[in-house]
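One structure follows; several queries about it will come next.
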Amino acid sequence: MTWWVLAAAALAVGLWAQLYLNDLHPHPGQTPCEARKLGLVVVGHGIISRSLLAAVSAMEQRIDFCGASVHVVAFGDAKTGGFLKKYRGFDREQLEHVTALDRDVDDVEHDQNLGQVVIDLIAFGHFDRYIIVDCAAHGNHTEDLILAKKAGFGIVFSNRHHLASEYNTTYSRLVYDAAKPSRLVSYEATVGSGLPIINTLDRVLATGDHVHSVLCRFNDAIAYIMDAMHIGSSWSDAVIEAYENGLTEDDPREDLSGLVTARKMIILSRQLGHKTEMHAAFVQNLVPKALRNVSLHEFFSKLPQFNAEYEQQIKRAKDINAMLTYTGHINANGAVRIGLEQYSSSSSIYHLQYSESFIAISTDWFPDAIALKGAGAGTNGTVASIMADIAKLSCSLFILCDLNFVQKAFSLFDNDSSDEEQAVSMQEVHLEFTVDAPINAKTQETTNIMYEPSLWQTLPPDYFGPMEYRDQSFEYGGGRGYYAAKDIPAGSLLLRERAYVEWPDVDDRNKLLVATIDQILRCDDADEIASNMAPLYPMHLSDLPAPLLSAAKAQYTNALQAVLTQYKRSNEFDKWLQVVMGMQCNAFSSGVFLHTAMFNHDCNPNCIKFTPVASHGISEVRAAQFIPKGTQLMISYLYPREQSRSSRQLQLEKQFGFTCNCSLCQRGDSFSPYPSPTLSSSVSLDDIEKAIATLEELFNDNPTVNAATVLHAALESLSDALEIIPHDHLVLMRIHKLVADTCDSLLKRKKSSSTIQDYAILFLRSSYELHELQKMFLDKDHLDLARTLNDISQGIRLLLSYSPSILLAEFPEWPTFRAASRIESEYTNEYKRIKALLSDCGTLNMVKQLLVLSTGQHVGKTTTCLGLVAHLQRLGLRVAYCKPVGQQHVPVGGGLRVDKDSFLFKEHFNLVHEYRDMSPVIFPDGFTRDFIDGKVTAQSLKDAIKLAAKNLQTESDYIVFEGTGHTGVGSICDINNAQVAQECGMDAICIALGGLGSSFDQLALNREMLLKHGVKLKGVIVNKVEPKKMDMVQDYFSRALKRWDVPLLGCIPQMDDLCHPSISDYSKLFKCELLSGKDAKLRYFANVRLALAPVDERNLFKPIQSQLVITHSGRMDVIDALLHNQEEYRERGENLRPGLIMTGWDAPSPNLVARLDKGNIPCIYVPPTTCDSYTLTARIAGFTAKISRDDIKRLNLASDHVQIDCWVYILYYPFLTPIKIGFK
């Protein structure tokens, strides 16, 4: 058994022990924050760690550790003999011995490494939370720290080694949780010690300010040495004095090399969001080369030989009244430069004392810099900073949910264990160690429980959860049903199965069941199908109530007898009538599901049946709330569920032949008394329900056309209902749902700001009222709450972005912008909490995602995605971008290549997601051949894309997927765009080229492939439309799309500024260097001129704005004329914005390049070895360039243009795909 498996077992035992012995979960009435025992693990044995122990030992309660008592539980370092550990914490007397590394202290245990300490504390510790304080002077325990962080430990660093190590393998794993800074890690002491440098940077960045540069001068050993030299000490004496005073490391060359300063600067650069690596930093090494590899003794003995060299540098600085000191710089791109610099007497650094550090942070809002000055190093300052970090982390730790702590501990082994060890799974550990059962052999046997159906064992479902089937005639619900085999959390998947019988395509529902019998009888195994359906209710026709059986015979006899006669089965009438009634009593919207049919009915059920998004004949049942062991599992046979008691009873009696006696039916539909009838009340509740049912059918038939009519009528019904039923009546939920849905539909299409506001207010009010009603009838974890909570959150966000004043005026319960934002955040967090309950199988696509396709190449996918991402970011959403399949890729370091669009989006929008998730599949050269040869499988590609989508969903509100080319691209590898959308369960929008007939024809071809794979076309954008044809295209294209019930999201006019390539694009096209005008490399051109004719008095070279000239390198008449025209324009303060491509065998001379550079004319030279003039012109004519990541102007132009011309907000506004609940 490997060490990791032992660790897993110890971890599980420890968590169980904590639940029982240490009150990890609070007592009734006690909150998690009232657990007040915090244990410290101090790593290191130097002066900082010892001083920290002394401070903790002598500490009075002057620091608030979230009300916790603080105790040291372990101290030491694996590099110097291991750790001393005491589970209940050291007392003051013991700490004195521990500080001296006395291993004879009573009740103290020893561990060899930090990882073992962590596992032991989880398993057997007596504290509620733990913080590791890393004061070591090395980075040998990175994996142990990551282990502790995954287990929920806090980590405070004064050790810089880890945070300056390789970014991906060390820094990001320690500092980040799912692409955002971890709340469990703090490291103020690594840079400024006593100065709050990290905290200041965080506060600056939190305001949205942009940092241009950071300048640092630390009061470290080099500062001491340089100060000493300025007042007369020699180089060697200053170094030896710093060493003897304990200011340097054990080997002063580590300080003099600049490595200590470099680590601090790397940490600061990364704090600014850059992935700076140590090897990329420029660091001036002050150790003479001859002394870098000698012994320490020889180093000190030979130091005087170099006094003159350094004293000369000091003298040059003094001669100009300046100071020479060692400083670090970070520029706007995160690049780090460290070395000796001269600072004049007017500089703040000039007047610093050795004991002072100085940091200057230059930003947009503070161009003259925010300056920090003070004692930035020293033992006392470092210990104080560490104590402050401990206090900060203690609050974060104690406000984390205890369940989150346990889940983090169990997830330790999700990614790090081998295939063999994967058997120790999170689910099995939960089954093995529960609060309800002691740990014994019998309990361990339950870890491999497999729940199996008792009926139809030869037709098992895709998944059968912790349910047991019972056949007890005295039980409520018809005698047979499912019961919880254990406590079932809300959101748990209970059953997934495919339809045993799917409905035929029949419009008349009254003929549906007999038509299904006709479909079955065509099959060779028709009798077997009837036999498998026999266990359904009714098992015998005599089981049906007499009125229901009589009505069935009256309705089905003639039609059924005709079908049976056709198949020569006239004598089997009762057999097939029983099948018909089995289908009627067990029917769902997409067919008959055998195992699902065994759930009994409750009007307010504890389970919900779903039809998953983009599924084909698949049904799922989930727990709608927490369900205790032994409870019967119920679903609702009704749709919608929000009907009055009389309506429910009527429908159940008519279709199923029973009277419901559930708790809701016994209690009633409201908690308040009915209002007194008024003379004006001319309608009954039955009339209102019938009207709402009609409106729902009308709206579902054509939401786009009928939304306004349905909304108006629904509001009238709402007004009528409030006159005759209480304000908390169940039926009002149904009306508010309809109002919200119609407003949602109208918000997708309206362009007037006033109408957007009106519908948004009505949408938000209805959603809010719906939620208030749902809280009365539904459990707090009920899955129906998820959509409503998200609707309210998005409604508030939408109004805050359009008109905050109207929101505050219409909703007095939120009096200020801040209050509304806080409420929105609360609803969002609650929505995410319930959404997380569904995370195990991803049935509902709660994270909104969209695939952007086009009818061909260079139609405008990337431009559209730029606009979408920019707009969604401005709305405050966490946006992810993904190019599932990339054909053009670029290196991003570490041997990784990604699609170039993924690189563009990550860099331009500062996206936090991993490259591997933003570009999961790329097609390098030879990939198609490898696929056909069987070296790559389609399933492996699809799995990679689905894994990337899952990873992106964890930290995103919206994911924009960009397809590759038209919908069919990738078909040869069985992974075209439509298949990608199907695998990820998402809708698509399609970009069509400006025009009408041919554009629509191409769109139709792409739509057919989407339909083939069950992907919904959510909308269409027509791009590159001639401005004069905008109105015509918008009118006719939208009318043509109505036949598909697909909206036209917008028309984007042709924009020359976006279409024309720049000189930099041409440079990349022909793989040649830009010779001149490099500051104008992004200049693009409205037209191209092939200059062949001579320039003379009769053939003047007329100046034309933004023109690219192509000519032979020997045609000086053309080149001189171009230079002359540019000079004339510049004299008038204008710019002709020309560009030049030269061909021919003779490269332009240096003198000519200098003249072009002076004239600000960007030029490239394409020799005949690259291509001839004809080929060059042809390639330019057919070339379409992509926007590059450094062309910020055009990137922003593309983003803004799409947002202006397309109502992109509707793509994020239809929050959830409506859940389809069966009509059983």
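FYI, it's all coordinate maths here, none of it is from the lab. What you see is a predicted model, and the numbers here were worked out from it, not measured in a lab. We place every Cβ from the backbone using ideal geometry, glycine too, and count neighbours over all the protein chains shown.
Using the Kirkwood radius over Cα pairs, work out the Stokes-Einstein diffusion coefficient for segment 209-278 at 20 °C and 1.002 mPa s, in µm²/s as a whole number.
Values: Rh = 13.5 Å.
Once the numbers are plugged in, D ends up at 159 µm²/s.
Mind checking the dipole of segment 510-587: about its Cα centre, +1 per Lys or Arg Cβ, -1 per Asp or Glu Cβ, Debye to the nearest 20?
Details: 6 positive and 8 negative charges, 62 e Å.
Dipole size: approximately 300 debye.
Could you sort the peptides 1040-1048, 910-918 by per-residue average Cβ neighbour count (10 Å cutoff), highest mean leading? Intermediate values should be presented prior to the final figure.
Details: 1040-1048: 16.2, 910-918: 18.8.
Output ranking for 1040-1048, 910-918: 910-918, 1040-1048.
What three numbers, in Å, describe the spread of the alpha carbons of segment 1004-1094 along their principal axes, ordered from the longest?
Projected onto its principal axes, the Cα set of segment 1004-1094 covers 57, 33, 26 Å.
Another question, then. Checking the a/c ratio against 1.5 first, then a/b against b/c, what shape does the Cα gyration tensor give for segment 944-1079?
Since a/c reaches 1.5 but b/c is at least a/b, the shape of segment 944-1079 is classed as oblate.
Could you name the aspartates and glutamates in cross-link range of Lys149, using Cα to Cα under 16 Å and dropping any fewer than eight places away on the same chain?
Here the aspartates and glutamates satisfying the reach criterion relative to Lys149 are Asp120, Asp128, Asp134, Asp177, Asp389, Asp402, Asp414, Asp416.
Restricting to DSSP loop positions (anything but H, G, I, E, B) with no more than 10 other Cβ atoms inside 10 Å of their own Cβ, which trypsin sites (Lys or Arg not before Pro) remain in segment 1114-1143? The partial results should precede the final answer.
Values: sites: Arg1115, Arg1130, Arg1132; in loops: Arg1115, Arg1132.
Loop-located and lightly packed - Arg1132.
Can you tell me what percent of all Cα-Cα pairs in segment 750-842 are more than 21 Å apart?
Tail fraction, whole percent: 34.
For q = 0.12 Å⁻¹, what log10 I(q)/I(0) does segment 851-1006 give under the Debye formula with an equal point scatterer on each alpha carbon and no solvent?
-0.50
Taking only the alpha-carbon atoms of segment 582-707, what semi-axes of the equivalent ellipsoid follow from 5 times the gyration tensor eigenvalues under a square root, in whole Å, largest first?
Details: eigenvalues 159, 96, 40 Å².
Equivalent ellipsoid semi-axes, largest first: 28, 22, 14 Å.
Here's another thing I want to ask about it. Can you pull the Rg over Rh of segment 209-377, Cα-only, Kirkwood? Intermediate values should be presented prior to the final figure.
Values: Rg = 16.2 Å, Rh = 16.6 Å.
Dividing the radius of gyration by the Kirkwood radius yields 0.97.
How are the C-alpha pair distances of segment 510-587 spread across 5 Å bins, as whole percents from the shortest bin up?
3, 16, 31, 28, 18, 5, 0
Under 14 Å from the Cβ of Ala335, count the other residues' Cβ atoms, weight Lys and Arg +1, Asp and Glu -1, and hand me the total.
On the way: positive: Arg270, Lys275, Arg337; negative: Glu277.
Overall, the nearby charge balance is +2.
Please get the size of the charge dipole for segment 209-377, origin at its Cα centre, with Cβ charges of +1 on Lys and Arg and -1 on Asp and Glu, quoted in debye to the nearest 20.
Numbers: 14 positive and 20 negative charges, 88 e Å.
So the magnitude is around 420 debye.
Measuring from the lowest to the highest alpha carbon on each principal axis, how far does segment 449-571 reach, largest first, in angstroms?
50, 32, 27
Note down the nm distance, to one decimal, between modelled labels 7 Å out along Cα→Cβ at Asn571 and at Leu459.
Distance between the two pseudo-spin positions: 2.6 nm.
Taking 8 Å as the Cα distance limit and 6 or more residues as the minimum spacing, I'd like the relative contact order of segment 1061-1184 as a percentage.
Computed value for segment 1061-1184: 32 percent relative contact order.
Still on this structure, please answer the following. Please compute the net charge surrounding Arg822, taking Lys and Arg as +1 and Asp and Glu as -1 over other residues with Cβ under 15 Å from its Cβ. Don't skip to the answer; put the middle values down first.
Working: positive: Arg797, Arg818; negative: Glu813, Glu824, Glu826, Glu830.
That sum, taken over residues with Cβ under 15 Å, equals -2.
Relative contact order for segment 750-842: what percent, with Cα pairs under 8 Å and sequence separation of 6 or more?
Values: 69 pairs, mean separation 29.7, N = 93.
This gives 32 percent for segment 750-842.
Given N residues in segment 875-914, what is its alpha carbon radius of gyration divided by 2.2 N^0.38 Å? Provide the component values of the computation, followed by the final result.
On the way: Rg = 10.8 Å, N = 40, 2.2 N^0.38 = 8.9 Å.
It is 1.21.
Now for a different question. Evaluated at 25 °C with a viscosity of 0.890 mPa s, what Stokes-Einstein diffusion coefficient in µm²/s does segment 1090-1143 have when Rh comes from the Kirkwood expression over alpha-carbon pairs? Write out the running numbers ahead of the final one.
Working: Rh = 11.4 Å.
The calculation lands on 215 µm²/s.
Moving to a separate point now. Bin by bin, in steps of 10 Å, what percent of the Cα pairs in segment 1061-1184 do you find, going until the bin that has the longest distance?
For segment 1061-1184, the binned pair fractions read 13, 50, 33, 4, 0 percent.
For segment 916-1015, what's the relative contact order in percent, using C-alpha pairs closer than 8 Å and at least 6 residues apart? Before the final figure, lay out the partial values.
Numbers: 73 pairs, mean separation 25.2, N = 100.
In percent, rounded to a whole number, it is 25.
To continue, here is another question. Using mean Cβ contacts within 10 Å as the protection proxy, how do 929-937, 762-770, 1002-1010 order, highest first?
Numbers: 929-937: 12.0, 762-770: 23.0, 1002-1010: 18.7.
Ranked by mean Cβ neighbours within 10 Å, highest first: 762-770, 1002-1010, 929-937.
Of the listed pairs Lys906/Lys1071; Lys150/Lys861; Lys935/Lys1012; Lys85/Lys373; Lys37/Lys906, which have alpha-carbon separations greater than 32 Å here?
Values: Lys906/Lys1071 25 Å; Lys150/Lys861 40 Å; Lys935/Lys1012 27 Å; Lys85/Lys373 39 Å; Lys37/Lys906 42 Å.
Distance filter (> 32 Å) returns Lys150/Lys861; Lys85/Lys373; Lys37/Lys906.
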